[in-house]
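Novice: The structure that follows is given in the form of structure tokens.
The values are calculated or read from the model by the stated rules, or taken from the named source; none is laboratory data. A quick note: this is a predicted structure, and the numbers were derived from the prediction, not measured. FYI the Cβ positions are ideal-geometry reconstructions off the backbone, even for glycines, and counts take in every protein chain you see.
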Amino acid sequence: MPPVTHLLLVVSLSLAMPAPPNVVQAKWQEIGKTSVGNPVYVDPKSVKKGADGIVTATVRVTFVKPANTPKGPITASRTVAMFDCSKKVVAVKENTYYHDEKSNSIYQHSAAKTPGFGPAIKGTLPDVAMAYLCK
């Protein structure tokens with residue numbers, strides 16, 4: 001096979017191959033750590049700033065030390081929240097806790113009918129996310 005033909009074959013095959021599995025994780029950007037050292041991430045594509053100045057985003061945390069429950073360990077949580085940067089308050093719209101996030105093994109899911117705003121406790125996921133999203 002001539003060198004140019006071989007090169008075209010290699011390039012064609014590399015473009016046709018599926019992306020490696022870790023590309024899925026690339027959507028999450030680490031933005032800090034909680035007071036106990038759990039990494040906090042944001043999905044940059046989910047960040048929306050409303051005309052009222054409220055920032056809505058999907059954030060997640062992975063637990064360095066999983067929380068034990070009678071149904072098994074909880075290893076991560078994902079939260080959709082609204083951050084009122086001017087008032088420094090947060091409202092959780094939706095929350096999902098995972099036994100295993102990679103396999104989508106859900107421990108508990110909840111969604112507020114009417115989310116209420118309140119202060120973020122220092123060092124928690126909402127506090128870390130607000131510091132990042134409201135700078």
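Novice: Hey, can you tell me all the residues within region 98-120 that are surrounded by 12 or more Cβ atoms within 10 Å (Cβ to Cβ) and β-branched (Val, Ile, Thr)?
Specialist: Within region 98-120, ILE106 is the sole residue that qualifies.
Per-residue answers, yes or no, for (1) modelled with pLDDT of 95 or more; (2) more than 10 Å from the chain's Cα centre (by Cα):
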| site | (1), (2) |
| --- | --- |
| GLN25 | no, no |
| GLN29 | yes, no |
| SER35 | yes, yes |
| GLY53 | no, yes |
| VAL61 | yes, no |
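Novice: Starting from region 85-97, keep only residues that are among the charged types (D, E, K, R), then list their pairs with residues that are in a strand (DSSP E or B) whose Cβ atoms are within a distance under 6 Å, requiring at least 6 positions of separation or different chains.
Specialist: Correct list of pairs: LYS93/VAL80; GLU94/VAL80; GLU94/ALA111.
Novice: Still on this structure: Sort out for me the strands (runs of 3 or more DSSP E) sitting completely within region 46-135 that have 2 or more residues that are touching a Gly at 6+ places or on another chain (Cβ under 7 Å) and more than 15 Å from GLY32 (Cβ to Cβ).
Specialist: 89-100
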